[in-house]
Amino acid sequence: MLRDSFPGSSQVTWRGLTVLLVLPVLFAAAADAQNQNNNNNNTGVGTPSGAPDAPKPLPGLSDPAANSAAVDQSTYIIGPNDILDIDVFREKDWSHLYPVRTDGMISVSLVGEMRAAGLTPKQLEQQLSDALKSQIKDPSVTVTVYDVRSKTYSVTGEVKRPGDYPLIKNPTTVFEAINEAGGFLDTFANRSKITIIRGKDRYFFNYNDYVKGKNLDKNIALQNGDTIIVK
């Protein structure tokens, strides 16, 4: 009687196998659930709907930090489409990025429209400080060019990094522009007849002559909109 109350050996065997087969599945499911939860935490999925999204970068900004560091804030002339970083000490409402519109104006809260194009960052600082005196006491304003977009030149053809470049330094010569573009792509690039297109005009630069100290006057300063072609 006592023996009959226990399951048979075959039943014990099948139950043991079932447990062994089910346990790994359960452990795997638990691990997947934990990993999914960690991924959600890392990517922000599942956060409250009212939580603020991460700020999105402005389109077209390649390396504004490098551009800003290279700009001479005392001499650079602000132009349309430039991005300005305006900081008013201890005043967050006025401290952020300001795009210069195509008409050369910026919009400043509680101040209104203000012309930025044609001024240096230092001149705009003074203009903003004067305008903000009616709003805050002794405003301390700093203006920097966050990204240069009003003045550009292009390098195309047989160079390592063809593309558009901000015309930050004045003057920037053809020789400097080619080096900025990474130099020549290979030894087959025509270094003796590099073309600079400026509107309807064409200029020519011999790189080999220049490095030998010849025809130095051909290493012209670039202007906004110039295109350098290396064939």
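How do the peptides 124-130, 183-189 rank, highest first, by the average count of neighbouring beta carbon atoms within 10 Å per residue?
Peptide ranking by packing, descending: 124-130, 183-189.
How high is the relative contact order of region 152-230? Use alpha-carbon pairs under 8 Å, at least six apart in sequence, and give a whole percent.
Result for region 152-230 is 41 percent.
Between ASP103 and ASP217, how high is the FRET efficiency from 1/(1 + (r/R0)^6) when r is the Cβ-Cβ distance and R₀ = 25 Å? Nearest 0.05.
Step by step, r from the Cβ atoms, then E = 0.10.
Using the basic label-point model (7 angstrom from Cα toward the beta carbon), what is the THR227 to LYS92 distance in nanometres?
Once both label points are built, they end up 4.7 nm from each other.
Going by average Cβ neighbours within 10 Å, how do the peptides 99-108, 137-146 rank, with the highest at the top?
Peptide ranking by packing, descending: 137-146, 99-108.
Tally the DSSP beta bridges in region 152-230 and give the antiparallel ones as a percent, rounded to 5.
In region 152-230, DSSP labels about 80 percent of beta bridges as antiparallel.
Percentage of Cα-Cα pair distances in region 170-231 greater than 20 Å, rounded to whole percent?
Above the 20 Å cut-off, region 170-231 has 18 percent of its Cα pairs.
Every read-out reported here was derived from the displayed coordinates using simple, explicitly stated rules and does not represent laboratory data. Since this is a predicted model, take the numbers as computed values, not measurements. Using ideal geometry, Cβ is built from the backbone for each residue, glycine included, and neighbour counts are taken over all protein chains shown.
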